[in-house]
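Beneath this line is the structure, given in structure tokens, with notes to follow.
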Amino acid sequence: MTVKCSVFIATSVDGFIARPDGDIGWLGEPDENEEDHGYERFMASVDHLVMGRNTFEKVLSFGIPWPYDKPVVVLSSKPLQIDEGLRKSVEQMAGSPQEILGQLAKRGAQHVYLDGGDTIQRFLRAGLVQRLIMTRIPVLLGEGLPLFGTLPQDVRLRHVETQTFSRGLVQTEYEIAHD
Ligand SMILES: NC(=O)c1ccc[n+]([C@@H]2O[C@H](COP(=O)([O-])OP(=O)(O)OC[C@H]3O[C@@H](n4cnc5c(N)ncnc54)[C@H](OP(=O)(O)O)[C@@H]3O)[C@@H](O)[C@H]2O)c1
């Protein structure tokens with residue numbers, strides 16, 4: 001069975017997901033009445049999250065209650081400290097994107113939310129991403145952690161839709177053309 005992988009991420013207009021030190025304050029706080037840009041609908045469509053260690057550590061650094069109600073796989077090649085309270089829903093894996101999806105397929109995963117720049121790049125290089133939903137924040141950062149990186153070959157995208165939101169946010173959805 002094939003596991004579908006989707007990306008739902010915010011970037012600066014020059015393509016960064018965080019400042020060089022990992023800061024994401026520039027994403028801005030949504031207004032109380034602002035819509036969620038399709039986040040809840042997207043979350044409802046996935047059954048697992050797969051995120052890189054850096055993203056996991058960033059989420060923990062917020063010091064807020066764990067925000068996910070789906071199983072989360074954190075990718076790291078190093079031993080990872082996972083708090084007792086999270087061990088039921090968070091586990092560590094390492095390996096190639098194919099191996100990781102293979103393990104998830106065995107337990108019935110169908111749709112994975114991929115998060116973290118490096119993680120997304122590794123899955124893109126492996127040809128294992130099906131959908132990209134990118135919300136561009138109207139700012140140029142000049143430097144930072146990039147969403148995209150080197151590729152073994154071009155990745156053709158099919159435009160699905162583009163929506164604009166308040167604060168000048170522009171969200172574009174692409175499907176990866178695997179033909
Ligand atoms: N703008 C947004 O919407 C958004 C969304 C998500 C994250 N972010 C930000 O982006 C930053 C994190 O992104 P990032 O590019 O640094 O990377 P990341 O993907 O979060 O983490 C990268 C790390 O994940 C591990 N990893 C990834 N794939 C692996 C694999 N197949 N096997 C084993 N380990 C693997 C490696 O950890 P080890 O070195 O331990 O092996 C790697 O160094 C944070 O600042 C976060 O706040 C922003």
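The values are calculated or read from the model by the stated rules, or taken from the named source; none is laboratory data. Quantities reported herein were computed from a predicted structural model and do not represent experimental measurements. FYI the Cβ positions are ideal-geometry reconstructions off the backbone, even for glycines, and counts take in every protein chain you see.
Numerical summary
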| quantity | calculated |
| --- | --- |
| Check on Q92, under 18 Å from N54 (Cβ atoms) and either exposed (fewer than 15 other Cβ atoms within 10 Å of the Cβ) or within 13 Å of the ligand (Cβ to nearest atom) (or both) | yes |
| Of the criteria (1) touching a strand residue (DSSP E or B) at 6+ places or on another chain (Cβ under 7 Å); (2) away from the ligand (no atom under 14 Å from the Cβ), which one L75 fails | (2) |
| Selection count, the range 16-53, where residues are among the hydroxyl-bearing types (S, T, Y) and part of a loop (DSSP other than H, G, I, E, B) | 0 |
| Hits in the range 61-79 - residues which are crowded, with 16+ Cβ neighbours inside 10 Å and of a type in the set (A, V, I, L, M) | V72, V73, V74, L75 |
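For every residue, the table says whether it meets (1) more than 10 Å from the ligand (Cβ to nearest atom); (2) within 25 Å of I133 (Cα to Cα); (3) part of a helix (DSSP H, G or I); (4) touching a residue at least 12 places away in the same chain (Cβ under 8 Å).
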| site | (1), (2), (3), (4) |
| --- | --- |
| Q81 | yes, no, no, no |
| K88 | yes, no, no, no |
| Q98 | no, yes, yes, yes |
| G102 | yes, yes, yes, no |
| A109 | yes, yes, no, yes |
| V112 | yes, yes, no, yes |
| D118 | no, yes, yes, yes |
| F123 | no, yes, yes, yes |
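Per-residue answers, yes or no, for (1) within 14 Å of the ligand (Cβ to nearest atom); (2) modelled with pLDDT of 95 or more; (3) over 22 Å from V170 (Cβ atoms); (4) of a type outside the set (D, E, K, R):
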position: V3; (1), (2), (3), (4): no, yes, yes, yes
position: D14; (1), (2), (3), (4): yes, yes, no, no
position: P30; (1), (2), (3), (4): yes, no, no, yes
position: N33; (1), (2), (3), (4): no, no, no, yes
position: L49; (1), (2), (3), (4): yes, yes, yes, yes
